[in-house]
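The values are calculated or read from the model by the stated rules, or taken from the named source; none is laboratory data. What you see is a predicted model, and the numbers here were worked out from it, not measured in a lab. In this analysis, Cβ positions are derived from the backbone assuming ideal geometry, glycine residues included, and neighbour counts consider all displayed protein chains. SASA here: full protein model, heavy atoms, side chains in, ligands and nucleic acids out. Shrake-Rupley method; radii C 1.70, N 1.55, O 1.52, S 1.80 Å.
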Amino acid sequence: MKNKNILLRLWVTLPLLGLIGCNDAFLEKTPKTSLTEQTAFVTYDNFQAFSNDLYGLFTNNYFGTSPNTRFQQNGTYNNDFRAGYFARRNNFNPYAMQTIQNVTSGNGWDFSSIRTINMLLSHIDGDNQLTPAERDHWRAVGYFFHSFYYMELIDRFGDVPWITKVLKETDKLAYGPRIARAEVADSVMMRLKWAEEHIGDFQKRDGANAINRDVIRATISRFGLREGTWQKYHGLSDGQKYLDECVRASTLLMKDYPTLYKGTDTSPGSGYGEMWTSEDLSVVPGVILYKEFRGGDVNVTNNNSYIEHTSSSIIEMPRHTVQLYLCSDGKPIGTSPLYMGDHDPYQTFRNRDPRLYQTVMPPFRVEGKKGDYPTWSFTDNPADREYIDLMGLNESCSNPGDGMKRLPAQNWGASLLRFAPNFQRGSRAKGTQCAPYCASRSGYYVWKNYDQWEKNHNNTAFNTSDKPIFKIEEVLLNYAETMYELGRFDQKVADQTINKLRDRVGMPSMKLAEINASFDPNRDQTVDPVLWEIRRERIIELMGEGFGFYDVRRWKKADWFINQHPLGMWVKKGMVDEDLYDPTTATSSKNNAEGYIELWPDPVKQGKGWLDKYYLYQIPTKEITLNPAIKQNPGWE
């Protein structure tokens with residue numbers, strides 16, 4: 001259990017201080033304890049209190065990699081849904097079906113947080129009690145948040161205004177044009193490097209889980225890869241200076257964080273899975289920054305595990321993403337002799353990368369009757385317990401129970417899920433045993449945040465598992481990909497990065513000598529075989545963590561991923577509603593037809609699919625009306 005006496009930053013989003021315009025007479029009537037802009041930035045503690053609100057950016061759905069405190073399907077899961085890695089059971093991918101609408105406002109074109117950050121920065125050199133070292137520290141914190149926000153702005157819009165002061169309505173900059181992306185990106189990197197060099201060691205005052213040099217280096221690693229590859233693949237430059245910074249910062253972090261977490265649970269790949277289901281990430285090696293949750297008097301909780309125990313979760317995995325997971329011999333399904341096909345879910349999951357089991361609920365079946373929960377028993381078929389034995393036994397289905405991911409699964413109230421896959425069925429589907437919870441259309445139910453130990457009630461969650469924001473696993477992947485882009489990826493680099501990740505989950509090492517053009521016949525043939533394997537590792541390791549839509553866009557490969565026909569498991573006709581069954585994939589006779597579930601229509605056959613204008617977001621038309629100097633992004637005119 002977490003020690004409530006340990007001071008750790010909880011990042012409760014606090015309201016910004018009331019900053020009001022007032023005259024001297026009004027000030028005379030203001031109680032001495034009230035804070036105005038003139039009195040809010042005097043002491044170190046004043047700056048710290050003001051900065052607390054900025055930490056809310058890390059759980060803001062505006063950022064695709066931000067862990068959400070309520071519905072994860074609106075947080076990191078959503079960004080991987082946009083990338084085509086995930087599917088939603090209630091809606092198709094809008095980028096695949098070209099239903100992205102023109103917007104008049106919003107869309108992320110918002111500089112209010114930049115104004116807040118600039119307000120903090122504007123008072124550092126003012127009349128206050130800060131020492132020179134403290135001034136540098138708070139400037140570094142301000143530069144970090146300013147850069148972190150601008151990373152998102154340029155990723156969405158490309159060219160953006162570069163604002164470094166609190167603007168007034170009369171300022172010309174408020175009505176100026178956008179600044180070239182390359183120029184803004186240079187400024188972002190410059191500020192991050194300044195922050196890295198000048199941030200102070202004030203851990204005792206700021207708390208253990210606060211912005212520090214390692215967090216800034218992790219951001220440089222992320223931004224260096226993201227911007228370097230964007231500029232390379234979108235023809236802006238070769239991106240080398242950003243890639244070089246990624247290598248530099250990543251190298252320092254890899255030295256300081258040499259250990260990967262292998263977990264405490266018995267299930268395969270538990271160290272990978274527990275990164276999202278651990279009660280206390282402060283003791284988990286490799287975690288650089290995280291969102292802490294705590295119950296009791298503090299009562300800062302999330303409901304991510306709760307949602308994945310209910311009928312509210314709408315996130316599942318399509319077949320083409322399941323196919324990306326390697327077999328347990330380290331080879332793709334197209335060349336591995338261990339792959340048994342996907343016409344039976346037990347065979348599909350057998351001999352696969354353990355990270356698949358930690359992300360998608362494996363198949364199982366037990367006996368149990370309604371009203372007898374939590375009583376259940378095994379079936380007469382030993383095969384039905386294969387993955388129960390693999391993941392660990394959930395003997396009583398108590399709430400809360402023990403351990404992380406256990407089978408058989410259950411809902412929030414400990415009601416038994418008797419089998420998986422548990423297809424979402426309507427009134428026309430045959431069979432009456434399906435449960436409304438932990439259901440999916442595809443059969444591949446995502447349960448990355450699911451665990452047994454967190455307490456849940458109907459419509460109320462008490463989940464206190466911490467969620468990572470920066471961790472060494474991402475840094476390893478950033479380093480591996482960047483070294484490839486720089487022409488320096490070799491077996492030594494593979495051993496330092498990808499093979500450390502594989503070793504942690506019990507997967508064979510990547511051997512570069514084995515990777516050639518025929519290594520994976522199912523890959524995108526326009527991508528170098530080694531680069532494809534590096535990207536595959538990134539996709540699998542960071543699955544569900546919100547990097548997908550950033551990655552497929554910076555690679556300029558969004559069409560390959562998003563234009564895939566979203567299919568589910570192979571089923572017999574009648575196992576699901578007829579409108580879910582795709583007869584075009586059937587190979588059996590009409591009276592005993594089998595085929596893949598069709599989650600949504602094939603976008604390409606529908607004359608739809610990814611449009612190149614989607615690589616950059618539309619600037620809201622209202623903003624252009626207010627400021628004619630702002631020009632629209634290509635394709636959105």
Gained length - residue 297 relative to residue 517, 0.36 nm times residue gap less alpha-carbon distance: 73.4 nm
The range 484-562 versus the range 115-152: alpha-carbon centroid distance in Å: 38 Å
Computed E for residue 45/residue 179 - FRET, C-beta separation, R0 25 angstrom, nearest 0.05: 0.10
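Please get the size of the charge dipole for the chain, origin at its Cα centre, with Cβ charges of +1 on Lys and Arg and -1 on Asp and Glu, quoted in debye to the nearest 20. Please list the in-between numbers first.
On the way: 75 positive and 78 negative charges, 160 e Å.
Approximately 760 debye in magnitude.
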Separation in nanometres of the label points that stand 7 Å from Cα toward Cβ, at residue 251 and residue 490: 1.4 nm
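In what sequence, highest mean first, do 269-282, 606-619 appear when ranked by Cβ atoms within 10 angstrom? All intermediate terms of the calculation are to be shown ahead of the outcome.
Working: 269-282: 23.3, 606-619: 17.2.
Going from most to least packed, we get 269-282, 606-619.
How much length would be gained if the chain were fully extended between residue 203 and residue 560, taking 0.36 nm per residue of separation minus their Cα-Cα distance, in nm to one decimal? All intermediate terms of the calculation are to be shown ahead of the outcome.
Details: separation 357, 0.36 × 357 = 128.52 nm, distance 4.50 nm.
Gain on extension, residue 203 to residue 560, equals 124.0 nm.
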C-alpha long axis of helix 112-122 to longest principal axis of the chain, angle in °: 40 degrees
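How would you classify the range 484-551 from its alpha-carbon gyration tensor, with a ≥ b ≥ c the square roots of the eigenvalues: rounded for a/c under 1.5, else prolate if a/b is greater than b/c, otherwise oblate?
Details: a/c = 1.41, a/b = 1.05, b/c = 1.34.
Rounded shape, in that the Cα axes give a/c under 1.5.
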Cα→Cβ-extended label distance, 7 Å offset, between residue 102 and residue 168, nm: 3.7 nm
Cα gyration tensor category, rounded, prolate or oblate, for the range 263-313 with a/c compared to 1.5: oblate
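Top to bottom by accessible area (1.4 Å), largest first, where do 172, 455, 448, 262 land? Intermediate values should be presented prior to the final figure.
Numbers: 172 180, 455 100, 448 5, 262 120 Å².
My answer, sorted largest first, is 172, 262, 455, 448.
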Neighbourhood net charge (9 Å Cβ-Cβ; Lys/Arg +1, Asp/Glu -1) for residue 233: +4
Net charge contributed by nearby residues that have their C-beta within less than 13 Å of residue 395 (K/R +1, D/E -1): 0
³J(HN,Hα) computed for each position of the range 342-350 - Karplus, 6.51 cos²θ - 1.76 cosθ + 1.60, integer Hz, glycine/proline x: 10, 8, 9, x, 5, 6, 4, 7, 5
For a label point 7 Å along the Cα-to-beta-carbon line of residue 604, residues of the range 79-94 with backbone N under 20 Å: 82-87, 92-94
Calculated FRET efficiency for the pair residue 262/residue 128, C-beta based, R₀ 35 Å, to 0.05: 0.15
Degrees, to the nearest 10: 240-256 long Cα axis against longest axis of the chain: 80 degrees
Separation of alpha-carbon centers, the range 223-281 and the range 308-323, rounded to whole Å: 25 Å
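What does the charge add up to near residue 525, with Lys and Arg as +1, Asp and Glu as -1, over the other residues with Cβ less than 15 Å from its Cβ? Numbers along the way, then the final one.
Numbers: positive: 523, 535, 536, 557; negative: 520, 524, 528, 533, 559.
Summing Lys and Arg as +1 and Asp and Glu as -1 gives -1.
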